[in-house]
Amino acid sequence: MSRSVPYQPLLLRILHGISGILVITAIITGFLVYNTFDQRFGKIPVPKIAPIQDIHGTLGLFFLLLLPAFTLYSFHAGEKRLLQPDSIQKLTQVGKPIWWMSLQRIVNTLMLIASVLAVISGRMMKEEWLPIGELDHLWYYFHLIAWVIMVCCLAIHLLMSAKVGGAPLLLSMWSGKFRPGDSPRNWYSRLRSWSSNFPNNFSSAEINQLIESNFSLRIIQVIVLVGIIVAFVSPLFFAGNQ
């Protein structure tokens, strides 16, 4: 496979970089929360940080605020990096480049789903549960499950990225260079153009074609977007319920 440095859209690099930092720090602080209050599945002898639960919650909130933009970008401009109609079928070609790429696409998609589960379950938890030893709430278990999935997906995502594109691909995501046509100065005009053409982009024929082109991914997109909405509004109605 070619090892030439690929070009990544600037907006993707920004959204991917910020969300990546938030995910990694949330994973670390999430473990520290577990290590402080739970420890049922093992622990690591590290110094306790008194406000660790607040730190983890703040990181989770920032991630939730960024998640709608990152999700919309991923399912549209970044669609080729997600589940494709033949991704499951290509998994039979073990060891071939398409196998690695298909696995990466599936993991990327699963990571978006796990992100929604993490933010929903986190928003539904009460701050006092863990400090007073209430560890058997259903939403807390969902949050632990989401944490495990996120850790596994992140590890596989990094490994697959290194396998598919090597160091050039990993470094391209952190490059500060961008093409003139990709300048932030053009983002507003592109947004206005997209907004003005919004009704025309959603004719019944085009919607049907869009859905049929990757039906499974469209279903996942709906689930993820609805999940994000639920994460924003659920604490207003269901906080503390199991």
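The values are calculated or read from the model by the stated rules, or taken from the named source; none is laboratory data. Given the structure is predicted, the values throughout are model-derived calculations rather than measurements. When we count neighbours, we look across all protein chains shown, and the Cβ atoms used for this are built from the backbone with ideal geometry, even at glycine. Accessible surface is based on the protein model in full, side chains and every heavy atom, while ligands, DNA and RNA are left aside. Shrake-Rupley method; radii C 1.70, N 1.55, O 1.52, S 1.80 Å.
Here are a few things to note about the model shown:
- Dipole check for the stretch 1-152: with +1 at the C-beta of Lys and Arg, -1 at the C-beta of Asp and Glu, and the Cα centre as origin, the magnitude is about 680 Debye.
- The accessible area of residue 106, taken with all protein chains in place and a 1.4 Å probe, comes to roughly 40 Å².
- Inverse mean reciprocal Cα-Cα distance (Kirkwood Rh) of the stretch 1-94, Å: 16.4
- Prolate/oblate/rounded label for the stretch 68-172 (Cα gyration tensor, a/c 1.5): prolate
- Total charge dipole magnitude, the stretch 96-168, about the Cα centre, Cβ charges on Lys, Arg, Asp, Glu only, Debye to nearest 20: 540
- Dimensions of the chain from C-alpha coordinates, computed as largest minus smallest value along each principal axis and given longest first, are 53, 41, 39 Å.
- Residue among 109, 29, 92 with the largest mean-square fluctuation in a Gaussian network model of the chain, springs linking Cα atoms under 10 Å: 92
- In the context of the full set of protein chains, the chain has a per residue accessible area of 59 Å² (1.4 Å probe).
- Per-peptide packing, taken as the mean over residues of other Cβ atoms within 10 Å, places 228-234, 133-139 in the sequence 228-234, 133-139 from highest down.
- Counting only protein chain heavy atoms and rolling a 1.4 Å probe, the accessible areas of 90, 96, 126, 177 rank, largest first, as 177, 96, 126, 90.
- Of the residues 157, 219, 6, the one whose Cα sits farthest towards the positive end of the charge dipole of the chain is 6 (charges of +1 on Lys and Arg Cβ, -1 on Asp and Glu Cβ, taken about the Cα centre).
- With all protein chains in place and ligands, DNA and RNA left out, the 1.4 Å accessible area ranks 216, 19 as 216, 19, largest first.
- Computed over the chain, the per-residue total of -39500 (n - 2.57) for DSSP H runs of n ≥ 4 gives a 222 nm mean residue ellipticity of -23000 deg cm²/dmol, rounded to 500.
- Farthest toward positive dipole pole in the chain [+1 Lys/Arg, -1 Asp/Glu at C-beta], among 109, 141, 44: 109
- 3J(HN,Hα) along the stretch 81-93: 8, 10, 3, 10, x, 9, 5, 5, 4, 5, 5, 6, 8 Hz, from the Karplus curve 6.51 cos²θ - 1.76 cosθ + 1.60 with θ = phi - 60°, whole Hz, x for Gly and Pro.
- Carbon/sulfur fraction of accessible area - the chain, other protein chains in place, 1.4 Å, %: 69
- Build a GNM of the chain with springs between Cα atoms under 10 Å apart, and of 81, 105, 192 the one that fluctuates most is 192.
- Within the chain, the whole DSSP H helices whose Cα atoms reach 24 Å or more along their own axis and whose mean Kyte-Doolittle score is at least -1.0 are 10-37, 52-75, 97-124, 138-172, 215-238.
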